[in-house]
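Accompanying notes for the structure given below.
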Amino acid sequence: MKALVLTEFGGPENFQLQDIPRPEVKPGYVLVRQAATSINAIDIKIRGGLPIGPAMPAVLGADVAGRVEAVGAGVLDFAPGDAVYGCAGGVRGQGGSLAEYMLADARLLAPKPEKLSFREAAALPLVTITAWEAWERSQLSSGQHVLVHGGIGGVGHIAIQLARAMGARVATTIAGDAASNIAMSLGADETIDFQKESVAAYVERLTGGQGFDVVFDTIGGGNLPNSFEAAQTHGQVVTTNARTTQDLSVLHAKALSFHAVFMLLPLLTGVGRDRHGRILRSAARLVDEGKLRPLIDAHSFTLATAADAHRLLESGKAQGKIVIDIDPSL
């Protein structure tokens with residue numbers, strides 16, 4: 001099969017399109033013929049040498065969307081020909097999705113949403129599971145006022161929609177009028193241009209100075225102090241990036257609860273994989289009910305040009321998820 005192989009950690013120039021053996025199906029797994037995959041921020045970090053990545057040379061990529069080619073012993077939920085999607089690899093011990101076929105643990109997959117194409121479905125798995133876990137960890141409930149940092153990013157645009165589906169009031173940080181319009185179209189009640197308005201100013205404007213019930217920081221790192229400042233006393237802060245050194249004085253002074261989401265952990269440990277499949281089944285129902293949709297960047301890529309997709313994501317100029325077309329005929 002054709003696959004985009006990373007020959008060594010480093011830049012996108014280390015990708016090579018190669019012919020490699022097609023994976024053999026094994027018990028508990030399914031072989032998926034891929035229609036499309038998508039690029040996530042974690043792929044960039046793994047490519048650069050993040051220790052959770054596979055040994056080189058390797059095929060990267062987590063998200064999969066396609067048709068089941070073969071099923072292994074013990075798999076009862078899927079049959080050849082089924083349309084599926086999931087987040088199933090690209091880390092240590094797992095094959096990646098930048099290939100024509102992917103071997104995936106059946107527990108990590110779910111039936112593709114009926115109202116989405118494979119291309120659209122490929123944009124959803126990793127970011128949807130991440131946002132879902134963030135709201136679960138923070139125990140988000142109807143009527144709460146939440147702030148999503150990075151509202152038109154991969155995780156952020158899903159977080160807005162899930163929060164609205166749960167009955168929350170949603171504010172989000174963006175940059176510029178065009179991004180504000182996109183965020184509002186996804187269901188945001190309020191937008192904040194972080195380049196023009198201080199944390200103190202938007203907390204006063206939107207919450208009367210009290211702060212938000214829950215702050216979901218999809219940026220993390222140096223943005224975490226802004227999240228602590230924006231949260232109300234006894235509030236909740238969730239991040240997807242806690243790999244940083246910060247002064248936690250504000251967190252302590254407000255008695256905040258702080259949660260880190262690392263959705264790839266079940267792929268690395270093997271524990272909790274069935275939960276990912278259940279989340280994606282629930283997400284598919286929301287999609288088919290018209291409550292959830294992917295925001296997809298307008299650029300087109302194939303396996304042969306996927307290195308350029310990595311470059312686009314690194315540039316910060318993508319709007320929504322970057323999708324790689326593998327077999328559009330599916």
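The values are calculated or read from the model by the stated rules, or taken from the named source; none is laboratory data. The shown structure was predicted, so the numbers you read here are calculated from the model rather than taken from an experiment. Note that each Cβ is placed from the backbone with ideal geometry, even for glycine, and that neighbours are counted across all protein chains shown.
Using the structure shown, decide if Leu4 is farther than 25 Å from Asp274 by Cβ, under 25 Å from the mean Cα position of the chain (by Cα) and part of a strand (DSSP E or B). Yes: the conditions hold for Leu4. Regarding Ala131, is this residue part of a helix (DSSP H, G or I) and in contact (Cβ under 8 Å) with a residue 60 or more places away in the chain? It is true that Ala131 is part of a helix (DSSP H, G or I) and in contact (Cβ under 8 Å) with a residue 60 or more places away in the chain. The sole residue among Gly93, Gly11, Gly89, Gly48 that is of a type outside the set (A, V, I, L, M) and more than 24 Å from Arg311 (Cα to Cα) is Gly93. Within the range 227-257, the residues that satisfy the criterion of being buried (at least 18 other Cβ atoms within 10 Å of the Cβ) and within 23 Å of Asn40 (Cβ to Cβ) are Ser227, Val237, Val238, Thr239, Thr240, Asn241. Being farther than 30 Å from Gln34 by Cβ, in contact with a Gly (Cβ under 9 Å, 6 or more places away or on another chain) and without any contact (Cβ under 8 Å) to a residue 60 or more places away in the chain holds for only one residue in Ala159, Ala188, Ala201, and it is Ala188. For the criterion of being on the phi > 0 side of the Ramachandran plot and among the hydrophobic types (A, V, I, L, M, F, W, C), Ala231 fails. When Gly48, Gly95, Gly61 are checked against the criterion of being at positive phi and not assigned by TED's automatic domain parsing to the domain that holds Gly154, a single residue qualifies: Gly61. Does Gln34 satisfy being assigned to a strand (DSSP E or B) and loosely packed, with under 15 Cβ neighbours inside 10 Å? Considered against the rule, which asks whether it is assigned to a strand (DSSP E or B) and loosely packed, with under 15 Cβ neighbours inside 10 Å, Gln34 comes out as no. Please enumerate the residues belonging to the range 260-271 that are surrounded by 13 or more Cβ atoms within 10 Å (Cβ to Cβ) and either among the aliphatic types (A, V, I, L, M) or more than 17 Å from the chain's Cα centre (by Cα) (or both). Scanning the range 260-271 gives Ala260, Val261, Met263, Leu264, Leu265, Leu267, Leu268.
Each residue in the range 94-129 was checked for being more than 17 Å from the chain's Cα centre (by Cα), of a type in the set (S, T, N, Q) and within 27 Å of Met56 (Cβ to Cβ), and 1 pass.
Going through Leu162, Leu147 one at a time, which residue ends up being in contact with a strand residue (DSSP E or B) (Cβ under 8 Å, 6 or more places away or on another chain), outside the structural domain of Ile279 (by TED's automatic domain parsing) and either part of a helix (DSSP H, G or I) or closer than 16 Å to Phe228 by Cα (or both)? The match here is Leu147. Each residue in the range 16-31 was checked for being assigned to a strand (DSSP E or B) and either surrounded by fewer than 23 Cβ atoms within 10 Å (Cβ to Cβ) or not assigned by TED's automatic domain parsing to the domain that holds Ala83 (or both), and 5 of them qualify. Annotation: Gln319 fulfils all but one of (1) touching a helix residue (DSSP H, G or I) at 6+ places or on another chain (Cβ under 6 Å); (2) touching a residue at least 60 places away in the same chain (Cβ under 8 Å); (3) in the same structural domain as Val30 (by TED's automatic domain parsing); the unmet one is (1).
Of all the residues in the range 52-68, those that are surrounded by fewer than 17 Cβ atoms within 10 Å (Cβ to Cβ) and touching a Lys or Arg at 6+ places or on another chain (Cβ under 8 Å) number 2. Across the range 291-307, the qualifying residues are those that are surrounded by fewer than 16 Cβ atoms within 10 Å (Cβ to Cβ) and in contact (Cβ under 8 Å) with a residue 40 or more places away in the chain, and the one among them that is farthest from Trp132 (Cα to Cα) is Ala304. Are any residues in the range 272-330 β-branched (Val, Ile, Thr) and either part of a loop (DSSP other than H, G, I, E, B) or within 14 Å of the chain's Cα centre (by Cα) (or both), and if so, which ones? Across the range 272-330, the qualifying residues are Ile279, Ile296, Ile322, Val323, Ile326.
Which of the residues that make up the range 187-219 are among the polar types (S, T, N, Q), more than 27 Å from the chain's Cα centre (by Cα) and over 23 Å from Ala255 (Cβ atoms)? Within the range 187-219, Ser198 is the sole residue that qualifies.
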